[in-house]
Amino acid sequence: MRLEAVPGDLTQQRVDAIVNAANSSLLGGGGVDGAIHAAAGPELLRECSELRRTRLPDGLPVGQAVATSAGRLPCRWVVHTVGPNRHAGETDPALLASCFTRSLDVAQELGAGSVAFPAVSAGVYGWDVDVVAQVAVDAVRRWAADHPDAGVGVVRLVLFGDTALRAFQAALDARGSAHGRADDA
């Protein structure tokens, strides 16, 4: 599996699936969640509302993931995950790691060959971006090692801003990447 960190706009990624750092309501919000809902159009909100009405009446739990179609986005699917909110006392790195591994499980079930992630929980949920980077890289590598025959061949960590990009490049570099931008997990 190729694991890479790149600057960019998650909503413009030409991959099979993008991961939404959603809130548990799945009905849109700020940051990445708001940008994805805005770019995807009303189809995404309709599908998320249907999920809430049927399968997830209490919302999506922290650390779990669920997929929808992508509406007007250039990808096929959106995998929604709810990161832990540090401000609400959700400080267990295992919950954060679960966002990445469960999203990859869902992507694998969909048949996605490429997945793009944001820095889940590094925004308004208050996690330090360096911690998120380390947890994300470790979780993706562990998932790849546990799923050697997985169809997911590319995981792209799409970062907004130089600080986040440097943190993820450092996490990749600290764990064996030659250039800090990409490696084979």
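A short reminder: the numbers here are calculations on the coordinates, not readings from a lab. The model shown is predicted, which means the values in this text are computed figures rather than measured ones. Please note: Cβ atoms are built from the backbone with ideal geometry, for glycine as well, and neighbour counts cover all protein chains shown.
Can you give me the angle between helix 93-110 and the longest principal axis of the chain, using Cα atoms only, in degrees from 0 to 90, rounded to the nearest 10? It works out to around 70 degrees. Mind pulling the angle between the C-alpha long axis of helix 31-40 and the longest principal axis of the chain? Nearest 10 degrees, somewhere in 0 to 90. Here the helix axis deviates by roughly 60 degrees.
Loop-located trypsin sites (Lys or Arg not before Pro) across the range 51-105 with a Cβ neighbour count of 13 or fewer within 10 Å are Arg55, Arg72, with loop assigned by DSSP.
Subtracting the Cα-Cα distance from 0.36 nm times the residue separation, let me have the gained length for Arg46 to Asp9 in nm, one decimal. Present the calculation step by step, with values, prior to reporting the outcome.
Working: separation 37, 0.36 × 37 = 13.32 nm, distance 2.33 nm.
So the extension gain works out to 11.0 nm.
Relative to the dominant Cα principal axis of the chain, helix 162-174 is inclined by about 50°.
The reciprocal of the average 1/r between distinct C-alpha atoms defines the Kirkwood hydrodynamic radius, which for the chain equals 16.0 Å.
For the range 21-26, putting each phi into the Karplus relation 6.51 cos²θ - 1.76 cosθ + 1.60 with θ = phi - 60° gives couplings of 7, 8, 9, 5, 6, 6 Hz, in residue order, rounded to whole numbers and with x for Gly and Pro.
Let me have the relative contact order for the chain, percent, based on Cα pairs under 8 Å that are six or more residues apart.
Values: 383 pairs, mean separation 56.4, N = 185.
Across the chain, relative contact order equals 31 percent.
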